[in-house]
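J.: Structure provided below as structure tokens; questions to follow.
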Amino acid sequence: ARRGRRPRGAVQCAAYCPVAHPAATQPEPAYEPYFRAEAVAGLARYTNGPRDLLDLLHRRSSPFPTNLEPLAAPGGEHGWPVLVFSHGLAGCMEMSSQFCAHLASLGYVGLALEHEDGSGCYAERPIPDGGAPSPIYYTSPPEGFVYGRESVVDFRAPFLDARVSDVERVLRLLD
């Protein structure tokens, strides 16, 4: 699993690729935290849950190595088939790691997107000059919001438009 933006400025995602079992010819597997500390903070903020309890997600290592070379695709130049995963409301790219890793074990590349539209518990907006990214947290409806089918659809429509745009940008990069 590798997290990042490639090319720079693209939608941030985590990529899970088919890899060979670590062997003597590969480096010692390296692991990142299961969840970024900032994503845990965003999840705590969204759920109003205790940060100390949720911090376990950051203190644990992801079970997926970050430094192993992907297997060569059996199709040669066409590569592995790619499946793009878009997290749900209040999600983040880490929440789909088990699913995407399972896809990789079946011979797919699983891409878990991180939407910057405010629908997730946490995302990062890149800074053009290469500075530290700025956090994006879940956007709640405004105070006094009256929940109903039409009001929720109207409120969430821009978020959905942004998500569609994110998926389209990723698909264009894969083309």
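The values are calculated or read from the model by the stated rules, or taken from the named source; none is laboratory data. Because the structure is predicted, anything quoted here is derived from the model rather than measured. Using ideal geometry, Cβ is built from the backbone for each residue, glycine included, and neighbour counts are taken over all protein chains shown. With ligands, DNA and RNA removed, areas are computed over all heavy atoms of the protein, side chains included. Shrake-Rupley method; radii C 1.70, N 1.55, O 1.52, S 1.80 Å.
J.: Given the -39500 (n - 2.57) contribution per DSSP H run of 4+ residues, what per-residue ellipticity at 222 nm results for the chain, rounded to the nearest 500 deg cm²/dmol?
T.: Computed ellipticity for the chain at 222 nm equals -9500 deg cm²/dmol.
J.: Quick one: which residues, 5 or more positions from residue 85 or on another chain, have an amide H under 5 Å from its amide H? H modelled 1.01 Å from N in the peptide plane, none for Pro or chain starts.
T.: 111, 112, 113
J.: Still on this structure, please answer the following. Within the stretch 83-111, whose backbone N sits under 13 Å from a point 7 Å along Cα→Cβ of residue 171?
T.: Only 83-86 fall inside the zone, counting backbone N under 13 Å.
J.: On alpha carbon coordinates alone, what is the Rg over Rh value for the stretch 105-175, Rh being the Kirkwood radius?
T.: Using Cα coordinates only, the ratio equals 1.07.
J.: Now for a separate question. Between the helical axis of 37-47 and the dominant principal axis of the chain, each derived from Cα atoms, what acute angle in degrees is found, rounded to the nearest 10?
T.: The helix 37-47 is inclined about 40 degrees to the chain.
J.: Rg to Rh for the stretch 42-131: what is it, with Cα atoms only and Rh by Kirkwood?
T.: Details: Rg = 15.9 Å, Rh = 15.3 Å.
On the Cα set of the stretch 42-131, Rg over Rh gives 1.03.
J.: Below 8 Å between Cα atoms, with a sequence gap of 6+, how large is the relative contact order for the chain in percent?
T.: Working: 284 pairs, mean separation 41.5, N = 175.
So the answer I get is 24 percent.
J.: With all protein chains present, how much of the accessible area of the stretch 26-124 (probe radius 1.4 Å) comes from carbon and sulfur, to the nearest whole percent?
T.: Details: 2860 of 5050 Å².
Summing carbon and sulfur atoms, their accessible area is 57 percent of the total for the stretch 26-124.
J.: May I ask you to give the solvent-accessible area per residue for the stretch 110-167, in square angstrom, as obtained with a 1.4 angstrom probe? Present the calculation step by step, with values, prior to reporting the outcome.
T.: Details: 3180 Å² over 58 residues.
Accessible area per residue, the stretch 110-167: 55 Å².
J.: Separate question: Please list, in chain and number order, the residues 5+ apart from residue 19 or on another chain whose amide H is under 5 Å from its amide H, with Hs placed from the backbone.
T.: Close amide H contacts, sequence-distant or interchain: 71.
J.: For the stretch 59-121, what is the relative contact order in percent, using Cα pairs closer than 8 Å and at least 6 residues apart in sequence? Let's see the in-between values first.
T.: On the way: 72 pairs, mean separation 22.2, N = 63.
Here the relative contact order equals 35 percent.
J.: Also, quick follow-up: With a 1.4 Å probe and all protein chains in place, put 174, 57, 103 in order of accessible area, largest first.
T.: Values: 174 90, 57 50, 103 20 Å².
Sorted descending by solvent-accessible area, the residues read 174, 57, 103.
J.: For a quick check of understanding: with a 1.4 angstrom probe and all protein chains in place, what accessible area in square angstrom does residue 167 have, to the nearest ten?
T.: Surface open to solvent at residue 167 totals about 40 Å².
J.: Taking N as the number of residues in the chain, what is its Cα Rg relative to 2.2 N^0.38 Å? Write out the running numbers ahead of the final one.
T.: Values: Rg = 17.6 Å, N = 175, 2.2 N^0.38 = 15.7 Å.
Here the Cα radius of gyration is 1.12 times the empirical estimate.
J.: Can you give the relative contact order of the stretch 84-175 as a percent, counting alpha carbon pairs under 8 Å and 6+ residues apart?
T.: On the way: 108 pairs, mean separation 22.6, N = 92.
Across the stretch 84-175, relative contact order equals 25 percent.
J.: Label points 7 Å out from Cα along the Cβ direction at residue 160 and residue 145: separation in nm?
T.: Distance between label points: 1.5 nm.
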